[in-house]
1. Could you tell me whether ALA21 is within 16 Å of the ligand (Cβ to nearest atom) and either β-branched (Val, Ile, Thr) or open to solvent by 10 Å² or more (accessible area, probe 1.4 Å) (or both)?
2. Considering only the stretch 117-134, how many residues are open to solvent by less than 10 Å² (accessible area, probe 1.4 Å) and either on the phi > 0 side of the Ramachandran plot or in a helix (DSSP H, G or I) (or both)?
3. Among residues belonging to the stretch 270-309 that are of a type in the set (Asp, Glu) and assigned to a loop (DSSP other than H, G, I, E, B), point out the one that is surrounded by the most Cβ atoms within 10 Å (Cβ to Cβ).
4. Sort out which residues of the stretch 111-156 are in contact with a strand residue (DSSP E or B) (Cβ under 8 Å, 6 or more places away or on another chain), away from the ligand (no atom under 12 Å from the Cβ) and not charged (D, E, K, R), and write them in order of number.
5. Mind counting the residues in the stretch 1-52 that are part of a loop (DSSP other than H, G, I, E, B) and farther than 30 Å from GLY274 by Cα?
6. Out of the stretch 212-267, which residues are in contact (Cβ under 8 Å) with a residue 40 or more places away in the chain and assigned to a helix (DSSP H, G or I)?
7. Output the number of the condition that ASP204 fails; it satisfies all remaining conditions of (1) in contact with a Leu (Cβ under 6 Å, 6 or more places away or on another chain); (2) more than 16 Å from the ligand (Cβ to nearest atom).
8. Would you mind telling me which numbered condition in (1) open to solvent by less than 80 Å² (accessible area, probe 1.4 Å); (2) closer than 28 Å to ASP25 by Cβ GLU267 fails?
Amino acid sequence: MQTRLTKLLGTKYPIIQGGMAWIADAILASAVSEAGGLGVISAMNADAEWVRSEILRCRTMTDKPFGVNIMLMSPHAAEVAKMVAEERVPVVTTGAGNPSKYIARWKEAGVKVLPVVASTALARLVERAGADAVIAEGGESGGHVGDLTTMALVPQVADAVRIPVVAAGGIADGRGVVAAFALGACGVQMGTRFLVAKECRVSDEYKKKVLEAKDISTMVTGRRLGHPVRAIKTEYTMEYARLEADSTYPDEKLEEYGVGSLRKAVEEGDVLHGCFLAGQIAGMVRQEQTAAEIIADVMRGAEKLLDGVHWEL
Ligand code: TUI
């Protein structure tokens, strides 16, 4: 299936894997890219040398295009931004901030730039700064979330910019892909469904939490500190919500309570202190599959719905 996104990225399918912090490594990214999507390595809070080693590792496992996601709140964002230009990675996606100051350097190095945006204002800004496409991510997604839903955000971003729009947040199957097309996107980004990929090396407890989740199993915490994140509801997130609502509990202690919780979920499977980031579609994710099976299943579903439909994508 060819769309403006597959032409831009040089991929077989219009599917990007979300740059999930602590989770999206060279193994997952190369598996998604080999399967015809765009695999993405998360730079999370790591330094440039760690990210460079993941890029080199990815290149040993695939010769297909892949990306690096730079979380702009990371203390190492600037050095990682410089390094991905040196390495000429095919694609950069960004999250949790405005990447405009880095875009010219990436473009000079031939890097395709796809910022994640949660508003039309940021979409317009990054288009003016030279972004190749935008990923419009609604608050149904896991991790750091904006205010708008995918349903409301994607068509407004599609009207606001001329560059291709990728929809993210709440998409897990072919129905979501076709809905994204109907809203004006020419591709999707999925994170939560890839959490249970065989090539995704999160703890077994993490996969179990996603597989057991139902529609109302996620919640958002962290609004008080300005970084709202969606995760699977657990004792830990409920306690965080209680502390957050308690105005006598200081911000610094709340911040402290959150430190390390994602790593504890991903690496240790710590169900008491871990924060299991996942999107609202976790309830639709029913089985562990290879990245190739996930992509084939999503595309089969989309193509079935699109049979006989002729859209300009
Ligand atoms: O970034 C994400 N998802 C993430 S980042 C992350 S790591 C983290 N851990 C703890 C606390 C906070 C982050 C986990 N998940 N998605 C992309 C995304 N970007 N969603 C929303 C935004 C966004 C929001 C506001 C992008 C820009 C923005 O405005 C920035 C500006 O300067 O205008």
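1. So ALA21 fits the description; yes.
2. The total comes to 2.
3. ASP270
4. VAL111, VAL113, GLY130, ALA131, ALA133, VAL154
5. 10
6. Once the filter is applied, which keeps residues that are in contact (Cβ under 8 Å) with a residue 40 or more places away in the chain and assigned to a helix (DSSP H, G or I), the stretch 212-267 yields LEU262, ARG263, ALA265, VAL266, GLU267.
7. The number of the failed condition is (1).
8. (1)
The values are calculated or read from the model by the stated rules, or taken from the named source; none is laboratory data. Since we're looking at a predicted model, the values are computed, not measured. Cβ coordinates were reconstructed from backbone atoms using ideal geometry, including for glycine residues, and neighbour counts include every protein chain displayed. Side chains included, ligands, DNA and RNA excluded: accessible areas come from the protein's heavy atoms. Shrake-Rupley method; radii C 1.70, N 1.55, O 1.52, S 1.80 Å.
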